Amino acid sequence: MFYETPDIQFFSTIIYLVLILFSAVIAIMGSILIISFFTGRAINEKEEIVANRNIGMALVLGSFIWTIGRMCFETVKPTMNAWYSAYSAGFNIKTALKLTLGILGSQVIALIIGAVTIYISVKGLMIFTRGINEWEEIKNGNNAVAIIISVTVVVVGMFFESIISTIVVNLFDY
């Protein structure tokens, strides 16, 4: 039977914090890449946010980070459950390798699903708002357009977020 000791609790907390940090880094980097993809690199989001103080660009980037971050965070829960199961069953190199590959794979899957979610959200919105160049409007400081894009991305992301754990558990046999 598996009994938690203070050592395993401390080590598990460290693993959990590292996974959360890893999720945040993936969310930030992935979001910047996605904005570059959408705008065809015509908008430098860092310049827009820092130099031009463009609130709209900050809102959109924030919604992308939030959506991908939530997707990545949802993969941490099954990973930690797998960690506890592996530890209680006896830890070996094969188990450690499987967990490491599962962690990396689940984060990549979360990034991909997050990117697809954002793509579907933004493209779907653009279908309804034909004739408006949303990215040019945001670049010109139109915060209303940025708010609509941001809310759309977050709401659609909330629907997809609920299934990410199930996908990870089934793909990595946790």
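No value in this document is a laboratory result; all are computed from the given coordinates. For clarity, every value in this text was computed on a predicted model and none was experimentally measured. Methodologically, a virtual Cβ is constructed for each residue, glycine included, from the backbone with ideal geometry; neighbour enumeration extends over all protein chains shown.
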Less than 9 Å Cβ to Cβ from Ala42, Lys/Arg counted +1 and Asp/Glu -1: what total charge do the surrounding residues give? +1
Applying a 10 Å radius around every beta-carbon, put 125-133, 30-38 in order of their mean neighbour count, most first. 30-38, 125-133
Relative contact order for the chain using alpha-carbon pairs under 8 Å, separation at least 6, rounded to a whole percent? 32
How much length would be gained if the chain were fully extended between Val108 and Asn133, taking 0.36 nm per residue of separation minus their Cα-Cα distance, in nm to one decimal? 6.0 nm
Using a 7 Å offset from Cα along Cα-Cβ at Asn52, what residues in the stretch 117-145 end up with backbone N under 18 Å from the label point? 132-145
Name the residue from Ile164, Ala42, Val60 whose Cα lies farthest towards the positive end of the charge dipole of the chain, charges +1 on Cβ of Lys and Arg and -1 on Cβ of Asp and Glu. Ala42
To the nearest 20 debye, the stretch 6-172 has a Cα-centred charge dipole, built from +1 on Lys and Arg Cβ and -1 on Asp and Glu Cβ, of 260
Of Glu74, Glu134, Glu161, which has the largest mean-square fluctuation in a 10 Å C-alpha GNM of the chain? Glu134
Computed on Cα atoms, the radius of gyration and Dmax of the chain in angstrom are 19.0, 64
Percent of Cα-Cα distances greater than 19 Å, calculated over the stretch 1-89: 53
